[in-house]
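J.: Pasting a structure here, questions to come.
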Amino acid sequence: QVQLVESGGGLVQPGGSLRLSCAASGLRFDLYDMTWFRQAPGKERELVACATNGGTTIYAKSVKGRFTISRDNAKKTVFLQMNSLKPEDTAAYYCNAASPGRVTYWGQGTQVTVSS
């Protein structure tokens, strides 16, 4: 049974930082592309950052230079370091795992709120 468990969300002031984690189990983690998505109220879910199984990283334009995605294949965990947070980064953040055959799994999400 595949599980993705996100953690690290919370309330932070503008300009602050948070580090999200997504711990995976039940899959060959090293074979999967790992992606963070986010969804704000009333908006569509959007890609934030991706770390492919080959080591490539991809970022949304809105977070490039502020967020860093990384993965630890030995620990089956993907991280999202978020710096210089803005109110518009407020959203539920979801972890996604996609296999080469495009089978996908989702975590339950973790809330990030950026507010003074």
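The values are calculated or read from the model by the stated rules, or taken from the named source; none is laboratory data. Here the structure is a predicted model, which means the values were calculated and not measured. Counting neighbours? That spans all protein chains shown, and the Cβs are built from the backbone with ideal geometry, glycine included. Protein only, heavy atoms only, side chains kept; ligands, DNA and RNA dropped before computing areas. Shrake-Rupley method; radii C 1.70, N 1.55, O 1.52, S 1.80 Å.
J.: What aspartates and glutamates could a cross-link reach from LYS61, if we take a straight Cα to Cα line under 13 Å and drop same-chain neighbours fewer than 8 places away?
T.: Result set, ordered by chain and number: GLU46, ASP89.
J.: If you average the sequence gap of Cα pairs under 8 Å that are 6 or more apart and divide by the length of the chain, what percent do you get for the contact order?
T.: 36 percent
J.: Which Cys residues of the chain have no other Cys beta carbon under 4.7 Å away?
T.: CYS50
J.: Find out how many positive minus negative residues lie around VAL78, taking Lys and Arg as positive, Asp and Glu as negative, among other residues whose Cβ is under 9 Å from that of VAL78.
T.: Local net charge: +1.
J.: Could you order SER99, SER7 by accessible surface area, starting with the largest, using a probe radius of 1.4 Å?
T.: Order by accessible area, largest first: SER7, SER99.
J.: Let me ask something else. Per 5 Å bin, what is the whole-percent P(r) computed from every C-alpha pair distance within the chain?
T.: 2, 13, 25, 26, 19, 10, 5, 1, 0
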